[in-house]
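Working notes for the structure below.
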2 protein chains.
Amino acid sequence: MTETTLAIGDLEHIVEAIMRKGGLSPLHAGALTRAIVAGERDACKSHGVYRVEGCLRTIKAGKVVPDAEPELTSDDSAIVRVAAKGGFANAAFELGAPVLAEKARQFGLAALVINDCTHFSALWPEIEALTAHGLAAMAMCPSYASVAPSGGSGPLLGTNPFAFGWPRPGRTPYVFDFATSVAARGEIELYRRAGKPLPEGWAIDTDGKPTTDPEAALNGAMLPFGGHKGSAISTMIELLAGVMIGDLTSPEALEALGTTALAPAHGELILAFDPARFAQGRAGDPMARAETLFEAMVGQGARLPSQRRFAAREKALAEGIRLTAEEMALLERLREKGLDAV
Amino acid sequence: MTETTLAIGDLEHIVEAIMRKGGLSPLHAGALTRAIVAGERDACKSHGVYRVEGCLRTIKAGKVVPDAEPELTSDDSAIVRVAAKGGFANAAFELGAPVLAEKARQFGLAALVINDCTHFSALWPEIEALTAHGLAAMAMCPSYASVAPSGGSGPLLGTNPFAFGWPRPGRTPYVFDFATSVAARGEIELYRRAGKPLPEGWAIDTDGKPTTDPEAALNGAMLPFGGHKGSAISTMIELLAGVMIGDLTSPEALEALGTTALAPAHGELILAFDPARFAQGRAGDPMARAETLFEAMVGQGARLPSQRRFAAREKALAEGIRLTAEEMALLERLREKGLDAV
């Protein structure tokens, strides 16, 4: 297979041009491009250039406001709020993140609420933006009803990603970011395309019965990770990052959107914690103590999360990003035809 | 088997007398009794009267300060801190909770840090104390190294409980509280006492190999729930509720204590969120919207967490608490002999 190697900046130019051609304002085109190219750079293919087409489909369907101007409001509480006004979440996050960091330093912990956004990318770029400020961070959002609660029989919860990060000055942070379903919907889609049965325990069919048929699973419901515990965490995400922030839960997002083929519209909750403030007056440097924990984990053969991603990043920064001929052709087609290509 | 039925108040008198006999100050005897009797009342046997003996053992070993006076400090941040000064956590929580609730209303969210405590009981009593204030709450703490990280070979993480609650005015709250290990240590202990093999996937032996022998599991390591995802959440708890708050991680707690047979000493982190503040200016009442979500869950056959516990509570409030002859004999022995009985 012929591959093309692109410098990160070159891929950014291509993706940004497609986003502009698709009608996104410069603000959104830039923010989305950064998120998508970061995914591709980190060999996180499910959040890389593969997503460009879906982004255009969401714009074409009129399900996102391509030139929304996110608006930040802040009072004397520890909550900063960004109204995304129907635009993609990325620019809203970039607007809110510095204020969130400032409030976390002021109050010890703080929350960023993003309302009325279309969430598109992984949560780890947002987590990493906060760990870069020396903060610990937690992020979560609903998606759309596609996961049955533990003991249930049909789709209700979303795949509801949960992400967390801890800063490691001078090196890549401790970061995890995962769906609270056993598998991501994209993974089931890959089994379907490959004509392979799913592993047991991933999904139920429309009758609520366990199934290993990817088609039946996509029509039925996925299952939460870790049984009733994962189901409870997913429900917590619906409550905190849907109900509490006055934004859509996953069943409401599906109802509003009418399909699972477009990016979901809802809100997002990001919490930031200032370790220096929390550790104040206590013995030991939290940064050094965390390293002791990480060393003990790695020392017994466990891997820290995101290491595969960071290794890919290092390689991409040194050698550029490799895309297949199909991926290049797709990008070329999208750049030429814009929304007409999707 | 002969059973004795006791009114809740009568069991409280018995347990409190044992705690006083064991040397706890009235403050601690009262707070611990409330937590233990709440566990027994809710048929949560692993945190019920079964724990009384372990409490006395911890006192006898000199691993807890029986008359510690918890001290609260609060500044203009959203963090309130209670120094437990080596005492049991319960009284420290009771001191800090009202200030946490006040700060959560003031700032939208707030944190209670408990330092240098001996953690003894479940987290749900603390969660329920905050949902009773109309707040959402999250609580977590390390325990002691007994769980292998995903991919690891020996004990490092604790069973690290994670708990969350959402208020439901006029009814029992939405609450979950679970160990981030597949099973709680107390459950494995119950298998050991019953001489029954563990389910597959709960634990590894001292060689890092899977085992179903409770004794080998207690000597080896338990496994996190949900594979690498549960392992990541457990690590997050070590970082936030150990390292960040300047208190012991699970490996440090084990090293400090030297045994897993006594209650662990460390810190605890409790977060509280004010839904009214977070939902301000947004459409819909968060309390009503949460009920819609719960109804949809129950409507498709899923159970909300803690329902078994709440049903047991209702029964206990109406009919009293039933204890076996062995349990009564144990309580009688502890009441008579105090620390000499353990």
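Scanning the range A:242-259 for residues that are at the interface with chain B (Cβ under 10 Å from one of its Cβ atoms), out of contact with any His (no Cβ under 6 Å at 6 or more places or on another chain) and not hydroxyl-bearing (Ser, Thr, Tyr) yields A:242, A:243, A:244, A:245, A:246, A:251, A:252.
Any idea which residue in the range B:85-125 is farthest from the other protein chains (Cβ to nearest Cβ), counting only those that are assigned to a loop (DSSP other than H, G, I, E, B) and at pLDDT below 95? Let's see the steps before the verdict.
Initial filter on the range B:85-125 (assigned to a loop (DSSP other than H, G, I, E, B)): B:85-87, B:108, B:119-123.
Checking which are at pLDDT below 95 leaves us with B:119-122.
Working: B:119: 17, B:120: 22, B:121: 20, B:122: 15 Å.
The extreme case among them is B:120.
Listed by first and then second residue, the pairs with beta-carbon distance under 7 Å, at least 6 apart or on different chains, first residue in the range B:231-258 and free of Cβ contacts under 8 Å to residues at least 40 places away in the same chain, second among the aliphatic types (A, V, I, L, M) and in a helix (DSSP H, G or I), are B:239/A:290; B:243/A:290; B:243/A:293; B:244/A:279.
The set of residues in the range B:67-115 being of a type outside the set (A, V, I, L, M), in contact with a His (Cβ under 8 Å, 6 or more places away or on another chain) and over 26 Å from residue B:166 (Cβ atoms) consists of B:67, B:87, B:88.
The residues listed here are B:283, B:296, B:276, B:272; of these, the one that is more than 24 Å from the chain's Cα centre (by Cα), within 29 Å of residue A:150 (Cβ to Cβ), assigned by TED's automatic domain parsing to the domain that holds residue B:236 and not polar (S, T, N, Q) is B:296. Once the range A:7-66 is narrowed to residues that are at pLDDT 95 or above and among the hydroxyl-bearing types (Ser, Thr, Tyr), the residue that is surrounded by the most Cβ atoms within 10 Å (Cβ to Cβ) is A:33.
For the range B:229-241, a residue qualifies if it is more than 7 Å from chain A (Cβ to nearest Cβ) and closer than 20 Å to residue A:226 by Cα, and the qualifying residues are B:231, B:233, B:234, B:235, B:237.
If we keep just the residues of the range B:153-199 that are among the hydroxyl-bearing types (Ser, Thr, Tyr) and surrounded by fewer than 20 Cβ atoms within 10 Å (Cβ to Cβ), which is farthest from the other protein chains (Cβ to nearest Cβ)? Walk me through how you get there before you give the answer.
As a first pass, look at the range B:153-199 and keep what is among the hydroxyl-bearing types (Ser, Thr, Tyr): B:153, B:159, B:172, B:174, B:180-181, B:191.
Add one more test, that the residue is surrounded by fewer than 20 Cβ atoms within 10 Å (Cβ to Cβ), and what stays is B:153, B:172.
Values: B:153: 5, B:172: 15 Å.
It comes out as B:172.
Selection of the range A:126-152 for residues being surrounded by fewer than 24 Cβ atoms within 10 Å (Cβ to Cβ) and more than 14 Å from chain B (Cβ to nearest Cβ) yields A:128, A:129, A:132, A:133.
Of everything listed in (1) under 25 Å from residue A:265 (Cβ atoms); (2) loosely packed, with under 15 Cβ neighbours inside 10 Å, the single unmet condition for residue A:224 is (2). Checking each residue in the range B:298-312 for being crowded, with 19+ Cβ neighbours inside 10 Å and farther than 16 Å from residue B:38 by Cβ picks out B:302, B:304, B:305. For the range A:58-74, the criterion of being part of a strand (DSSP E or B), among the aliphatic types (A, V, I, L, M) and touching a Pro at 6+ places or on another chain (Cβ under 6 Å) is met by none of the residues. For the range A:113-123, the condition of being among the acidic types (Asp, Glu) and free of Cβ contacts under 8 Å to residues at least 24 places away in the same chain holds for none of the residues.
The listed residues are B:81, B:57, B:51, and the only one of them that is within 21 Å of residue B:116 (Cα to Cα) and within 14 Å of chain A (Cβ to nearest Cβ) turns out to be B:81.
Here is the figure for the range A:275-310: residues that are part of a loop (DSSP other than H, G, I, E, B) and within 18 Å of residue A:163 (Cβ to Cβ) total 4. Consider the range B:1-28. How many of its residues are within 17 Å of residue B:336 (Cβ to Cβ), outside any loop (DSSP other than H, G, I, E, B) and of a type in the set (Gly, Ala, Ser)? Selection size over the range B:1-28: 1. Taking residue B:276 as the residue in question, decide whether it is modelled with pLDDT under 95, within 12 Å of chain A (Cβ to nearest Cβ) and surrounded by fewer than 18 Cβ atoms within 10 Å (Cβ to Cβ). Criteria not met by residue B:276.
The values are calculated or read from the model by the stated rules, or taken from the named source; none is laboratory data. As the structure is a prediction and not an experimental result, all values here were calculated from the model. We place every Cβ from the backbone using ideal geometry, glycine too, and count neighbours over all the protein chains shown.
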